[in-house]
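Here it is: the structure, laid out below.
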Amino acid sequence: MNKTLTIVVPCYDEQEVLPETVKELSNILRGLIKENKISSQSKILFVNDGSKDKTWDLISKYTKEYDCVAGIKFSRNYGHQNALLAGMSVAVKYSDMIITIDADLQDDVNAIPKMVEKYYEGYDVVYGVRNSRETDTFFKRRTALAFYSLMRKLGVNLVPDSADYRLLSRRATKSLLSFKERNLFLRGMVPLVGYKSAKVYYARKERFAGKSKYPLSKMIHFALDGITSFSIAPIHLILYLGILTVIISIICMIYTLVEKITGHIVTGWASLMLSIWFLGGVQLISISIIGEYIGKIFSEVKHRPRFNIEKETYTDKMIKGN
Ligand code: UDP
Ligand code: MG
């Protein structure tokens with residue numbers, strides 16, 4: 001018997017691209033079903049992440065028009081990572097493999113059959129990796145590069161140039177879903193799942209339509225989340241900074257004593273002012289880094305639900321009805 005695939009697509013205000021997305025994804029799915037690569041129960045699962053536009057109306061319409069389309073509606077916007085997780089937690093009940101892909105068609109849908117092939121070759125995790133970043137702005141390219149190299153230095157295992165376009169087998173998905181953290185950084189969590197993994201390369205395109213839903217502020221927040229959820233290296237850094245400051249202050253002390261003994265008059269105002277500002281800055285940064293971690297503990301211990309599903313059309317009935 002053929003294995004069932006579900007393609008999970010998070011959508012936030014994507015009314016401009018959805019008509020094209022559903023067309024391209026359903027074509028790929030149909031092709032795979034026709035070639036007997038996947039079962040006819042395979043689905044595309046759109047997760048509406050609290051969109052303010054007509055996204056949910058479109059998803060409901062497609063649910064009726066296409067047998068292979070199902071939808072989940074969040075009660076409000078919970079963010080991209082939570083939308084992916086919700087889609088996976090629903091899809092895992094009915095699927096042998098799950099592919100997650102953005103709604104904007106930046107990721108080449110033709111990589112899907114290649115991912116499925118890798119699954120049959122025995123891989124549990126298949127990463128979609130961009131082989132070029134030409135369509136990204138210079139700024140985004142540079143910052144992404146710096147981010148990946150920083151993460152590597154901090155000891156976090158990430159697959160460079162891979163985002164949230166990937167295939168996970170059922171057991172890999174189950175294992176990922178057993179991670180109970182609220183601050184989600186999926187691309188850091190997936191490598192922790194283990195299993196045999198493979199890569200599929202593709203060229204990342206321009207967004208098909210609409211605007212990016214990741215403005216700079218959200219991107220910085222996401223990057224900080226990635227660092228502080230996966231590494232306590234910044235806290236160690238504070239310790240080193242503290243040790244360095246103490247060493248400098250000992251040198252300064254010796255210098256001051258020598259100056260005093262040799263009778264030089266030190267006015268001292270400039271150095272005093274400088275050290276007050278410098279030390280004040282170092283202390284503030286240090287406290288804020290520790291605060292960042294305490295904030296993270298605060299949000300984790302609350303154990304709030306990661307999402308709240310208002311409506312769901314991917315149900316047992318849909319499977320049996322097919
Ligand atoms: N997205 C989401 N919730 C959000 C922000 C984004 O579900 O709060 C979805 C969005 O609809 C898209 C994907 O996440 O399918 C990636 O977003 P986008 O393409 O805007 O990010 P970029 O490619 O610019 O980094
Ligand atoms: Mg995009």
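The values are calculated or read from the model by the stated rules, or taken from the named source; none is laboratory data. Here the structure is a predicted model, which is why all the values come from computation and not from measurement. Neighbour counts are summed over all protein chains in view; Cβ atoms, including those assigned to glycine, are modelled from backbone coordinates with ideal geometry.
So, in the stretch 91-106, of the ones that are crowded, with 23+ Cβ neighbours inside 10 Å and either of a type outside the set (Val, Ile, Thr) or more than 15 Å from ligand 1 (Cβ to nearest atom) (or both), which residue ends up nearest to residue 204 (Cα to Cα)?
104
Could I ask something else about it? Do you know which of the residues in the stretch 25-50 that are outside any helix (DSSP H, G or I) and closer than 13 Å to residue 9 by Cβ is farthest from ligand 1 (Cβ to nearest atom)?
43
I've got another one for you. Answer yes or no: is there a residue in the stretch 103-120 that is away from ligand 2 (no atom under 16 Å from the Cβ), under 19 Å from the mean Cα position of the chain (by Cα) and of a type in the set (S, T, N, Q).
no
Part of a loop (DSSP other than H, G, I, E, B) and surrounded by 14 or more Cβ atoms within 10 Å (Cβ to Cβ): does that describe residue 156?
yes
In addition: Return yes when residue 195 is within 16 Å of ligand 2 (Cβ to nearest atom), touching a residue at least 60 places away in the same chain (Cβ under 8 Å), within 21 Å of residue 127 (Cα to Cα) and touching an Asp or Glu at 6+ places or on another chain (Cβ under 8 Å) and no when it is not.
No.
Against the conditions (1) part of a helix (DSSP H, G or I); (2) closer than 17 Å to residue 210 by Cα; (3) out of contact with any helix residue (DSSP H, G or I) (no Cβ under 8 Å at 6 or more places or on another chain), where does residue 22 fall short? Just the number, please.
Going through the list (1) part of a helix (DSSP H, G or I); (2) closer than 17 Å to residue 210 by Cα; (3) out of contact with any helix residue (DSSP H, G or I) (no Cβ under 8 Å at 6 or more places or on another chain), residue 22 breaks only (3).
Here's another thing I want to ask about it. Restricting the search to the stretch 174-188, which residues are assigned to a helix (DSSP H, G or I) and either within 16 Å of ligand 2 (Cβ to nearest atom) or over 27 Å from residue 206 (Cα atoms) (or both)?
Start the filter on the stretch 174-188 by keeping residues that are assigned to a helix (DSSP H, G or I), which leaves 174-177, 186-188.
Within the stretch 174-188, 174, 175, 176, 177, 186, 187 qualify.
Filter the stretch 40-59 down to the residues that are surrounded by 18 or more Cβ atoms within 10 Å (Cβ to Cβ) and more than 16 Å from ligand 2 (Cβ to nearest atom) and list them by number.
Just the residues of the stretch 40-59 that are surrounded by 18 or more Cβ atoms within 10 Å (Cβ to Cβ), to begin with: 41-51, 55-56, 58-59.
Across the stretch 40-59, the qualifying residues are 41, 42, 43, 44, 45, 48, 50, 56, 58, 59.
For every residue, the table says whether it meets (1) aromatic (Phe, Trp, Tyr); (2) under 14 Å from residue 166 (Cα atoms).
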{"position": "68", "(1), (2)": "no, no"}
{"position": "87", "(1), (2)": "no, yes"}
{"position": "104", "(1), (2)": "no, no"}
{"position": "120", "(1), (2)": "yes, no"}
{"position": "127", "(1), (2)": "yes, yes"}
{"position": "133", "(1), (2)": "no, no"}
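Can I ask one more? Go through 171, 207, 141 for me and flag whichever is part of a helix (DSSP H, G or I) and modelled with pLDDT under 85.
Within the list 171, 207, 141, the selection yields 141.
If the Cβ limit is 6 Å and pairs must be 6+ apart or interchain, which residue in the stretch 140-156 that is closer than 16 Å to residue 222 by Cβ pairs with which residue that is part of a helix (DSSP H, G or I)?
So the pair list comes out as 147/223; 154/233; 156/188; 156/230.
Name the residue that is farthest from residue 224 (Cα to Cα), counting only residues in the stretch 136-153 that are within 16 Å of ligand 1 (Cβ to nearest atom) and surrounded by 13 or more Cβ atoms within 10 Å (Cβ to Cβ).
Selected residue: 136.
Right, something else. Quick check on the stretch 210-243: of everything there that is surrounded by fewer than 17 Cβ atoms within 10 Å (Cβ to Cβ), assigned to a loop (DSSP other than H, G, I, E, B) and not polar (S, T, N, Q), which residue is nearest to ligand 2 (Cβ to nearest atom)?
214
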